[in-house]
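Okay, so here's the structure we're looking at.
The values are calculated or read from the model by the stated rules, or taken from the named source; none is laboratory data. Owing to the predicted nature of the structure, the values given are computational and were not obtained by experimental measurement. Counting neighbours? That spans all protein chains shown, and the Cβs are built from the backbone with ideal geometry, glycine included.
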Amino acid sequence: MKEQVKSISVAEMRAWDAYTIKTKVPSKELMRRAAEGVYQSFDWTGHKTGILCGSGNNGGDGYALAGIMKRNGHAVSLIRTSEKTSEDGLYYLEEAERSGAGVRLWGEDTDLSAYDVLVDCILGTGFDGVPRGNAREAIEAINRANAYVISVDINSGMNGDTGEAECAVRSDLTVSIGFYKNGMFRGRAKELIGELVNVDIGIVEPPSDFDQGEEK
């Protein structure tokens, strides 16, 4: 009998993450653990890697990953699809820059052909809708590139609950963070996700009386 894989909804993931940050593990440490988990999930040796980062914490995971990779001697560049970033993301972006990772902003002339590995950190599990602007351009460019593609937490553009997507990254490997999301086994997931793994970063289920609205 095939082993049953535990997965949760996007709302549950948000609540569990909030509870863990409030009571157990600082958010910056969770981001570092997520990046470390992605780093340990692939052999980066000898590859030239481009990490595409969006404005939220998914982008922050990419910035933290870049710092880890650079400190371990790997060739890595950051490509930002937005000038905005989260507070924790900014912390790891500055750390990556200090480590010597190259950073550039996405533009219509951005060329991904020099990379043999591309890491998708553009849109996270909280995304719902149709990618637009730089995010869409970057997703389409990743899908055209002749590179091994790794999506962090979820494939950008995919709905974390339904697995549906109008425009989403097609990955060779998706590294789920914390827990698998329901959408990874529904909708277009089988078409969009190659290999799927999950890394445990210490997120725990909150008690039934936890009020996520208390989070500031």
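Looking at K84, is it free of Cβ contacts under 8 Å to residues at least 40 places away in the same chain and not polar (S, T, N, Q)?
Yes: the conditions hold for K84.
Please go through segment 115-129 and give me each residue that is at pLDDT 95 or above, of a type outside the set (D, E) and over 14 Å from the mean Cα position of the chain (by Cα), ordered by number.
Passing the criteria: Y115, V117.
Assigned to a loop (DSSP other than H, G, I, E, B) and out of contact with any Gly (no Cβ under 6 Å at 6 or more places or on another chain): is that true of E108 in this structure?
It is true that E108 is assigned to a loop (DSSP other than H, G, I, E, B) and out of contact with any Gly (no Cβ under 6 Å at 6 or more places or on another chain).
How many residues, within segment 70-109, are more than 11 Å from C53 (Cβ to Cβ), surrounded by 13 or more Cβ atoms within 10 Å (Cβ to Cβ) and basic (K, R)?
2
In this structure, does S82 turn out to be closer than 21 Å to E137 by Cβ and either of a type in the set (K, R) or more than 17 Å from the chain's Cα centre (by Cα) (or both)?
No.
Which ones in segment 92-116 are hydroxyl-bearing (S, T, Y) and without any contact (Cβ under 8 Å) to a residue 60 or more places away in the chain?
Passing the criteria: S99, T110, S113.
Among the residues of segment 42-55, what is the count of those that are within 12 Å of the chain's Cα centre (by Cα) and either surrounded by 21 or more Cβ atoms within 10 Å (Cβ to Cβ) or at pLDDT below 95 (or both)?
Residues meeting the conditions: 4.
Hey, among T20, T49, T45, which residue is polar (S, T, N, Q), more than 17 Å from V199 (Cα to Cα) and in contact (Cβ under 8 Å) with a residue 60 or more places away in the chain?
On inspection, the qualifying residue turns out to be T49.
Can you pull out the residues in segment 48-98 that are assigned to a strand (DSSP E or B) and in contact with a Ser or Thr (Cβ under 9 Å, 6 or more places away or on another chain)?
Across segment 48-98, the qualifying residues are K48, T49, G50, I51, L52, C53, A75, V76, S77, I79, R80.
Restricting segment 1-36 to residues that are under 21 Å from E87 (Cα atoms) and small (G, A, S), which is surrounded by the most Cβ atoms within 10 Å (Cβ to Cβ)?
Result: A35.
Pick out the one residue from L123, L196, L173 that is closer than 30 Å to A18 by Cβ, out of contact with any helix residue (DSSP H, G or I) (no Cβ under 9 Å at 6 or more places or on another chain) and among the aliphatic types (A, V, I, L, M).
Going through L123, L196, L173 in turn, just one is closer than 30 Å to A18 by Cβ, out of contact with any helix residue (DSSP H, G or I) (no Cβ under 9 Å at 6 or more places or on another chain) and among the aliphatic types (A, V, I, L, M): L173.
If a residue counts only when it is surrounded by 15 or more Cβ atoms within 10 Å (Cβ to Cβ) and without any contact (Cβ under 8 Å) to a residue 60 or more places away in the chain, which strands (runs of 3 or more DSSP E) contained entirely in segment 117-216 have at least 2 such residues?
Result: 148-152, 171-177, 193-199.
So how many residues does segment 154-186 have that are out of contact with any Ser or Thr (no Cβ under 8 Å at 6 or more places or on another chain) and among the β-branched types (V, I, T)?
2
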